[in-house]
Amino acid sequence: MKKLFVSIFAVSLLFSCNKSAKTTVDKALDEKFDRYKDNLVDNLWKIYPGWASGVGFHKYDSLLVVPDAKQSKIELDFANAQLDSLKKYDIESLSDNNKTDFQMIKNQLEGTIFTIKELKSSEWNPAEYNVCGSFAEILNGKYDSLEVRLRAFNIKMNAIPAYYEAAKKNIKNPTIEHTDLAIDQNIGGAAVFEGELNDALSKSKLNEAEKKEIQDKAKISVKAIKDYAEWLKNLPNKTPRSFRLGASLYAKKFNFDIQSSYSADEIYKIAVDHKNDLHDKMFVIADKLWKKYNGNAPKPADKLDLIKQVIDKISLQHTTPEKFQSEIEKQIPELTAYVKAKDLLYIDPSKPLVVRKEPAYMAGVAGASISAPGPYDKNANTYYNVGSMSGWTAENAESYLREYNDYILQILNIHEAIPGHYTQLVYSNQSPSIIKSILGNGAMVEGWAVYAEKMMLESGYKNSDEMWLMYYKWNLRTTCNTILDNSVHTKDMSKEDAMILLTREAFQQQAEAEGKWKRVTLSQVQLCSYFTGYTEIYNLREELKKQEGDKFNLKQFHEKFLSYGSAPVKYIKELMLSKE
């Protein structure tokens, strides 16, 4: 893995240096490209008002796009026209920052065409159709008065019935898995138009006539949402599409979504090697801890069995279902204080982080996640969404808590919050390039969070054999995410084999493994983003440490790396190595 990286790095460094030596920035063209970007973004929000709201641009909050054939044509025509516009700019004459923006814009436009014409997930993924989240964001927002937001909510509801009718026309032979998810999320999300809306109305200064109009429309909206779920339940689907993407579509989606210097097959092979390396490191620690946790009991002959037995004992140290969220809340200030004390990077204390129960319309995919405000709404809350164990059996809750034991819960909080996602996304919103914020690269975002885990432990955070063993177990999750995703979607890995990979080789609890299987049937490529981004970031840091020697400063590296927004790591690397 190291040798492969060094050779790739040497080639890209040479290429980057040669470019800087041979090309000169055309300032007039660069300024023209800046104006082009502004125009592009203005038009983007008109076509994708929901996306605009998600990044904090609220001019079009009252618009709900109906996902019909007309809209698909608008999106395709826009993408093709913008690709034609890009041809007017010689990329080698642009500044480094604009070269990156050029590549990110081009990738986004080509990815749009790929999604509509080849991937066609709008036909087989009914879960793509769900209005509940966008309406919930209007209610939860702090960007304007409650009355202004409720009036936008009111107008936006007008299109809900047409929205779901268009969805029904689009769907052809959907996967069973995405159909079930769509039913659950839409039914759960309908609460936005009932209790949550009524709570907001009771606090508002709207007159009674306005309130009644909104409540009447909300009833129509709830009916449209629940009718859609019922329609899906009764849909004749004798030939459902497989949830597996297939090798060809998978490779293309990987290239568009991850934007890595590695191909899907290359990162898969690196992940397999990394998994074996982690097993070796874990065995050394587990063997050392055996007596502490198992006394004089005979050691298993099998290396993985020995590791598992030690992990199982340590995993008994965990919180309760009732205290799970409060334990997370308690750890956030502790992590912030540690990062500050160690001078690892600056964390802006003015940007609020709110831990909350995961909303119903988000449930069913991930147990913990971050909802961050966009670059137009920088001071809004960042939400740390925590999955609830309400209604779980005692057995499932215990399995989940062993997975998120006292050690791993801390690593989870590093990943999701400090200095992981929350911190990185605050930095991303400060990026001078709006493109790098709105077209954020998932592999960079997830890769940073995974990198932050190891960086914190390397700096001495809660240093112990137990913490390192659990970190390696957690890192196996990231590594096996890539192996699992690729194997399931391109190699027809069965659920049985996936369970062996996750429970035996990644030492996951059964509940966690079952959840991951569900996730890999509902998503494609995204599970690769963690390991791919982490690998590229960590390798970049190590190479710069070699180059700079005693002059290398970890805090400066972090802050410079994060200053480029959520750009793909391969482009950040070029920017950090550039002499411009």
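Note on segment 100-142: residues that are open to solvent by 50 Å² or more (accessible area, probe 1.4 Å) and aromatic (Phe, Trp, Tyr) amount to 0. Count of segment 225-275 residues, restricted to those that are crowded, with 18+ Cβ neighbours inside 10 Å, farther than 16 Å from Ser487 by Cα, of a type in the set (A, V, I, L, M, F, W, C) and more than 19 Å from the chain's Cα centre (by Cα), is 3.
Give the residue that is modelled with the lowest pLDDT, with candidates limited to residues of segment 403-414 that are part of a helix (DSSP H, G or I) and either over 15 Å from Val339 (Cα atoms) or open to solvent by 10 Å² or more (accessible area, probe 1.4 Å) (or both).
First, the residues of segment 403-414 that are part of a helix (DSSP H, G or I): 403, 406-414.
Now drop any that are not either over 15 Å from Val339 (Cα atoms) or open to solvent by 10 Å² or more (accessible area, probe 1.4 Å) (or both), which leaves 403, 406-410, 412.
Numbers: Glu403: 90, Asp406: 96, Tyr407: 97, Ile408: 95, Leu409: 95, Gln410: 96, Leu412: 95.
If we take residues in segment 403-414 being part of a helix (DSSP H, G or I) and either over 15 Å from Val339 (Cα atoms) or open to solvent by 10 Å² or more (accessible area, probe 1.4 Å) (or both), then Glu403 is modelled with the lowest pLDDT.
Name the single residue that is farthest from Phe283 (Cα to Cα) among those in segment 490-512 being of a type in the set (A, V, I, L, M) and surrounded by fewer than 24 Cβ atoms within 10 Å (Cβ to Cβ). Filtering segment 490-512 for residues that are of a type in the set (A, V, I, L, M) and surrounded by fewer than 24 Cβ atoms within 10 Å (Cβ to Cβ), the one farthest from Phe283 (Cα to Cα) comes out as Met493.
So for segment 77-84 (the condition being among the small types (Gly, Ala, Ser), free of Cβ contacts under 8 Å to residues at least 60 places away in the same chain, in a helix (DSSP H, G or I) and open to solvent by less than 20 Å² (accessible area, probe 1.4 Å)), does at least one residue qualify? Yes, because at least one residue in segment 77-84 is among the small types (Gly, Ala, Ser), free of Cβ contacts under 8 Å to residues at least 60 places away in the same chain, in a helix (DSSP H, G or I) and open to solvent by less than 20 Å² (accessible area, probe 1.4 Å). Looking across segment 455-474, the residues that are touching a Phe, Trp or Tyr at 6+ places or on another chain (Cβ under 9 Å), within 21 Å of Val310 (Cα to Cα) and of a type outside the set (Phe, Trp, Tyr) come down to Leu457, Lys462, Ser464, Glu466, Met467, Leu469, Met470, Lys473. Taken over segment 209-219, the residue count meeting the criterion of being open to solvent by 40 Å² or more (accessible area, probe 1.4 Å) and either under 18 Å from Leu139 (Cα atoms) or not aliphatic (A, V, I, L, M) (or both) is 7. Of the residues making up segment 143-176, those that are open to solvent by 60 Å² or more (accessible area, probe 1.4 Å) and part of a helix (DSSP H, G or I) are Val148, Arg151, Ile155, Glu165, Lys169, Ile176. Considering (1) open to solvent by 10 Å² or more (accessible area, probe 1.4 Å); (2) over 21 Å from Val148 (Cα atoms), the lone condition that Ala190 does not fulfil carries the number (1).
Put simply, of Leu206, Leu197 the only residue that is open to solvent by less than 40 Å² (accessible area, probe 1.4 Å), of a type in the set (A, V, I, L, M) and in a loop (DSSP other than H, G, I, E, B) is Leu206. Within segment 460-489, being small (Gly, Ala, Ser), closer than 20 Å to His318 by Cα and either buried (at least 19 other Cβ atoms within 10 Å of the Cβ) or touching a residue at least 40 places away in the same chain (Cβ under 8 Å) (or both) holds for no residue. Being assigned to a helix (DSSP H, G or I) and more than 30 Å from Ala397 (Cα to Cα) holds for only one residue in Arg519, Arg541, and it is Arg541. So which residues in segment 51-76 are among the aromatic types (Phe, Trp, Tyr) and in a loop (DSSP other than H, G, I, E, B)? If the condition is that a residue be among the aromatic types (Phe, Trp, Tyr) and in a loop (DSSP other than H, G, I, E, B), then Phe57, Tyr60 are the ones that fit. Within segment 428-440, being over 15 Å from Trp51 (Cα atoms) and of a type in the set (S, T, N, Q) holds for Ser428, Asn429, Gln430, Ser431, Ser433. Based on what the data block shows, is Tyr451 touching a residue at least 12 places away in the same chain (Cβ under 8 Å), aromatic (Phe, Trp, Tyr) and open to solvent by 10 Å² or more (accessible area, probe 1.4 Å)? So Tyr451 does not fit the description; no.
Scanning segment 522-533 for residues that are assigned to a helix (DSSP H, G or I) and open to solvent by 10 Å² or more (accessible area, probe 1.4 Å) yields Leu522, Gln526, Tyr530.
The values are calculated or read from the model by the stated rules, or taken from the named source; none is laboratory data. Treat the numbers as computed from the prediction; the structure is a model and nothing was measured. We place every Cβ from the backbone using ideal geometry, glycine too, and count neighbours over all the protein chains shown. For the accessible areas, the whole protein counts, side chains as well, though only heavy atoms, and no ligand, DNA or RNA atoms are used. Shrake-Rupley method; radii C 1.70, N 1.55, O 1.52, S 1.80 Å.
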